[in-house]
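Every number here is computed from the coordinates shown, using simple stated rules; none is lab data. Just so it is clear, the structure is predicted and the values come from calculations on it, not from any experiment. Glycine also receives a Cβ, built like all others from the backbone with ideal geometry; neighbour counts cover every protein chain displayed.
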Amino acid sequence: MKYLPLIWSGIWRKPVRTALIFLQVCVAFTLFGVLQGMKSGMDRAIANVRADVLYVGPAVYGGARLSIAELSRLRSVPGVKTVSFNDGMPAFYQKPTQQVYVLAIPPTDFFRTVEPDIFTIQPRDLDALRKTRTGILITADVGKKYGWHIGDKIPLTTSTAQTNGSTTWTFDIVGMVSDHERGESSLVVANYYYLDESRALDKGTVDHFYAIASDPKQAGAVSDAIDRTFANSASPTRTASFRERSQQTMQSLGDLNFAIRWILSAVLVALVFSTATMMMQTVRERTPELAVLKTLGFGNWTVFLLVAAESLLVCITASLAGLALAWIAFPLAAKYIAGLSMPMVVVGFGVLGAVLVALISVSVPGLRAAKLNIVDALAAR
């Protein structure tokens with residue numbers, strides 16, 4: 001502590017230069033926090049996705065729809081505990097810009113329990129959907145957007161024709177559904193059996209099935225067994241767990257780990273060079289002062305540690321400020337990317353990175369200061 005005033009005066013000997021170093025480190029570690037936090041948050045989100053819920057869809061995108069008659073065949077696959085399905089149709093309310101997606105499900109407990117953290121239906125609302133074949137459940141967002149309330153009748157226009165030739169479907173709002181996924185505020189949930197019996201085409205078919213594996217660890221083997229079972233059918237399938245589909249979505253964006261690793265490496269290397277350059281300039285300007293310190297009895301390592309302490313104090317403080325900015329930014333980003341957060345481990349790695357940047361940056365100028373010859377320094381040689 002007795003050296004703190006000396007360290008503090010050294011830091012603020014050139015306030016503008018210190019401020020520039022502080023800003024450089026702060027910006028670099030804000031970027032570090034955002035990118036590394038995004039990666040860690042996404043990895044954690046994928047790890048939390050259920051591995052036992054399997055998505056069973058057509059083998060080819062846009063291929064033949066799946067027949068609901070295949071439910072019993074799907075249930076018979078070894079390792080499958082329970083199955084369900086859904087269908088749907090895009091629609092609009094009053095004008096094409098007011099888009100709504102009608103998700104048609106069988107009114108059973110499957111969708112109430114399979115993913116309650118992202119899709120919540122209360123028992124009373126599910127019972128109302130079961131009793132009213134023309135019923136729909138709406139989200140609070142879509143109700144607020146279009147002024148809908150429970151008990152209203154609403155017409156939705158789609159490209160799916162009814163048996164009477166009309167493309168306008170009239171639904172009765174009977175309850176609410178909470179969809180916690182971002183970007184799905186215009187979702188409504190309908191009774192599949194009403195959709196299937198009323199449409200003119202594609203009767204007895206669904207978009208895809210859902211199957212729950214008895215053992216999450218065997219989800220891959222169960223997926224392969226399902227696809228083999230339907231390989232020679234009129235509607236071959238392609239099955240993947242929810243977790244696998246999430247991983248595939250991330251991979252479709254490119255190698256995120258590689259991109260983040262190289263971006264951060266480039267930023268930190270540039271930061272080391274710029275910080276080291278400024279520290280060299282600082283030591284060069286303070287040569288007479290450092291010589292006086294050595295004349296007063298300060299040893300080589302003491303001088304080195306004083307210079308290193310200045311660098312460490314600035315870098316650690318600036319890194320904490322940058323990580324704090326990244327921490328503040330994540331709740332704002334979570335409004336658009338559900339579940340995104342920055343784990344505390346990222347803060348720990350950030351501070352460790354700041355220490356390494358400070359030590360590497362100060363190594364050359366610090367050793368130069370430690371080996372300073374008093375006579376030559378005072379003579380300005």
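Per-structure values
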| read-out | value |
| --- | --- |
| Cβ-derived FRET efficiency at R0 56 Å, Thr277 paired with Tyr101, nearest 0.05 | 0.50 |
| Simple label model, 7 Å out from Cα along Cβ direction - Lys14 to Ala221, nm | 6.7 |
| Positive-pole candidate from His149, Leu103, Gly79, dipole of the range 60-235, charges at beta carbon | His149 |
| Karplus-derived HN-Hα couplings along the range 124-133 (A = 6.51, B = -1.76, C = 1.60, θ = phi - 60°), whole Hz, x at Gly and Pro | 5, 6, 5, 5, 5, 5, 5, 7, 10, 5 |
| Stretch gain in nm, segment Thr113-Ile46, where the contour uses 0.36 nm per residue and the Cα spacing is subtracted | 22.2 nm |
| Potential lengthening between Gln94 and Ser76 on full extension [0.36 nm per residue; Cα-Cα distance subtracted] | 2.0 nm |
| Counting all C-alpha pairs of the range 55-113, share separated by more than 17 Å (%) | 57 |
| Of Lys39/Lys95; Lys81/Lys153; Lys131/Lys203; Lys14/Lys39; Lys144/Lys203; Lys39/Lys217, pairs whose Cα-Cα distance is over 29 Å | Lys39/Lys95; Lys81/Lys153; Lys14/Lys39; Lys144/Lys203 |
| Chain lengthening between His208 and Val364 when straightened (0.36 nm per residue, less Cα-Cα) | 49.8 nm |
| Hypothetical label at Gln122: residues of the range 73-113 whose amide nitrogen lies under 20 Å (7 Å Cα-Cβ projection) | 107-113 |
| Distance histogram for the range 45-157 (every C-alpha pair counted, 5 angstrom bins, percent rounded to whole numbers) | 2, 8, 15, 19, 19, 17, 11, 6, 2, 0 |
| Bins of 5 Å from zero: percent of alpha-carbon pairs in the range 60-235 | 1, 8, 16, 19, 18, 16, 11, 7, 3, 1 |
